[in-house]
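The next block holds one structure in the form of structure tokens; read it before the comments.
The values are calculated or read from the model by the stated rules, or taken from the named source; none is laboratory data. Bear in mind the structure is a predicted one, so any value in this text is a computation, not a measurement. Here Cβ is always computed from backbone atoms with ideal geometry, including for glycine, and neighbour counts include all displayed protein chains. Surface areas here come from the heavy atoms of the whole protein model, side chains and all, with no ligands, DNA or RNA. Shrake-Rupley method; radii C 1.70, N 1.55, O 1.52, S 1.80 Å.
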Amino acid sequence: MTDPSVLRSEILDLVKRFHPAEFPTRPFIPGVSPVPVSGRIFDANDMVSLVDAALDFWLTSGPFTEEFERRFASVVGVRHALFCNSGSSANLLAVATLTSPKLRAKQLRPGDEVITCATGFPTTVNPIIQHGLVPVLVDVDLPSYNAIPERLAEAISPRTKAIMMAHTLGNPFNLDVATQLAKEHGLWLIEDNCDALGSTYRGQLTGSFGDIATASFYPAHHITTGEGGCVLTRRPLLRRIAESFRDWGRDCWCAPGAENTCGRRFEWQLGELPVGYDHKYIYSHIGYNLKGTDLQAAIGVSQLDKLPSLVETRRRNWARLQAGLANLEDFFVLPAPTVHSDPSWFGFSLTVREDAPFRRRDLVQFLEARQIGTRQLFGGNIIRQPAYRNVPFRVVGDLSNSDRVMTGTLWIGVYHGLTNEMLDYVIESIHEFVAERGKALPGRLGRSSEGVA
């Protein structure tokens, strides 16, 4: 009988050889080859890790999940990481956690207010609405695309209990202001760090400032597990509550396949249940099943090894675009990092100026025809979206910049799958588009990659 370990070694060796054969590097052909805004980037080691987990046939969470949670928490600089099935689920779990009766006076209750931005991805705001809380919307500034700091202070009322915002396109929001307000007013701070893994503010990684934070590992993000996300916290109680909401709402903390971790499985008496009711079937929250799988976590374990280089590549790609498009500021609001930050960029934003001789739609159509991918800045001004027309928001000040984002902003890719050749093609294409409009200033165009190393 063949030794299974020998067979496993042979299989994994074949997988390592399979990757370059199935996924060879292809030459870039301008106008033919796509230049996506994002995409899955994986190598032979990632495939080997995935198949290695598959050979164990551990279909739920298991050893790879435990390793990934431990290592990811260490990378971000927090005590606990809780793997789940998506970044959107992580946001849902973050808000759900703060509604737990176990938090007593700090528990979020229906009608409480949560300050957030009017722009961004819907699943930053959706959990607030889904828990009967009231989103308090503030406008963003340009070119950071994050909340106007002064508006955060103006937004606080006696009903305000939390701040929940994303670091837009990887650019940190003003954490000095947000953390100080949270401290002064006893507010929870939730960081949606899904687009910002590796970003720093005053030298500290984002995702480690808030009471609770979230991450996403969808293929568009910095590292990927396919579908996948994470809840991050320094606080053991919040970790325990988040785990309960993730795992059906149960009170038990046994890992899948484990029993009697507490040593009192048949000795508990909670609620109106009889003494000795099986702790594995006692529920302290109205929860979900939002767990990830070991197959996903196995990819994450491998991807984590590459994170520093991936972050550096994103920063370098962003800088190349910034340098190549710097002489087009008469036509676009170009992005800029928040003061005191070093973003791990998710995308490169462009806002068409109101007096430009073209509109965003014109540029988008031009770039897409050249196989250059573009995206809007997610939901734009969320109150304009059809799904939110009857949602009881409270708006602080006007949302004029959010409306500008909705009508004039797009973003292009900086992710680590793009080459210098691709980025220079993007730069040249945008210059060509502006020149074709006939109102370019003399001497400002025709230098698409000048000054770019």
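Below 8 Å, C-alpha to C-alpha, sequence gap of six or more: please give me the relative contact order for the stretch 57-170 in percent. The partial results should precede the final answer.
Values: 131 pairs, mean separation 25.1, N = 114.
After rounding, I find 22 percent.
Using a 1.4 Å probe and ignoring any ligands, DNA or RNA, find the accessible area of Phe23 and quote it in Å² to the nearest 10.
The accessible area of Phe23 comes to roughly 80 Å².
If you average over every viewing direction, what projected area does the convex hull of the Cα atoms of the stretch 219-322 give, in nm²?
On the way: hull surface 36.2 nm².
Orientation-averaged projected area of the Cα hull: 9.0 nm².
Can you give me the P(r) profile for the stretch 19-81? Cα pairs, bins 5 angstrom wide beginning at 0, each as a whole percent.
Pair shares across the bins are 3, 12, 14, 16, 17, 14, 10, 8, 5, 0.
State the Kirkwood hydrodynamic radius of the stretch 357-406 in Å, one decimal place, computed from all pairs of distinct Cα atoms.
It works out to 13.0 Å.
Skipping prolines and chain starts, which residues have an amide H placed within reach, meaning under 5 Å, of the one on Cys84, given they are 5 or more residues away or on another chain?
Long-range HN contacts for Cys84: Gly229, Cys230, Val231, Gly292.
Kirkwood Rh, the stretch 86-205, all Cα pairs: how many Å?
For the stretch 86-205, inverting the mean 1/r across all distinct Cα pairs yields 14.4 Å.
Amide H neighbours of Val395 under 5 Å, at least 5 residues apart or on other chains, H built in the peptide plane: list them.
Leu137
Step by step: find N for the stretch 365-444, compute 2.2 N^0.38 Å, then divide the Cα radius of gyration by it. What's the final number?
Here the Cα radius of gyration is 1.48 times the empirical estimate.
Which value, to two decimals, describes the C-alpha radius of gyration of the stretch 1-52 once divided by 2.2 N^0.38 Å?
Details: Rg = 15.8 Å, N = 52, 2.2 N^0.38 = 9.9 Å.
It is 1.60.
Out of [x] 35, 32, 23; [y] 104, 25, 21; [z] 40, 31, 16, which label holds the value of semi-axes √(5λ) of the Cα gyration tensor in Å that was computed here?
Derived directly from the coordinates: [z].
How large is ³J(HN,Hα) for each residue in the stretch 184-190, as worked out from phi by the Karplus curve 6.51 cos²θ - 1.76 cosθ + 1.60 (θ = phi - 60°), to whole Hz, x for Gly and Pro?
Result, rounded to whole Hz: 5, 10, x, 9, 6, 10, 10.
Give the Rg/Rh ratio for the stretch 1-124, taking Rg as the radius of gyration of the Cα atoms and Rh as the Kirkwood radius, to two decimals.
1.11
Relative contact order, percent, of the chain when contacts are C-alpha pairs under 8 Å separated by at least 6 residues? Numbers along the way, then the final one.
Working: 932 pairs, mean separation 97.9, N = 453.
Relative contact order here is 22 percent.
First select every other residue whose beta carbon is under 14 angstrom from the beta carbon of Ala369; then total the charges, Lys and Arg +1, Asp and Glu -1. List each step's numbers first, then the result.
Numbers: positive: Arg361, Arg370; negative: Asp362, Glu368, Glu432, Glu436.
Charge balance in the 14 Å sphere: -2.
Send over the Kirkwood Rh of the stretch 305-402, from the inverse of the averaged 1/r over different Cα pairs, rounded to one decimal Å.
On the way: mean 1/r = 0.0611 Å⁻¹.
Across the stretch 305-402, the inverse of the average 1/r is 16.4 Å.
Give me the dipole magnitude in Debye, nearest 20, for the chain about the Cα centre, with unit charges on the beta carbon: positive for Lys and Arg, negative for Asp and Glu.
760 debye
Between the stretch 73-101 and the stretch 171-243, how many Å separate their Cα centres?
First find each Cα centre; the distance between them is then 8 Å.
By the scheme Lys and Arg +1, Asp and Glu -1, what is the net charge of all other residues having a beta-carbon under 12 Å from that of Leu133?
So the surrounding residues net to +2.
Give the accessible area for Lys16 in Å² (nearest 10); use a 1.4 Å probe, count only protein heavy atoms, and leave out ligands, DNA and RNA.
100 Å²
If you put +1 on each Lys and Arg Cβ and -1 on each Asp and Glu Cβ, how big is the dipole of the stretch 1-83 around its Cα centre, in Debye rounded to 20? Provide the component values of the computation, followed by the final result.
On the way: 8 positive and 11 negative charges, 74 e Å.
Dipole about the Cα centre, nearest 20: 360 debye.
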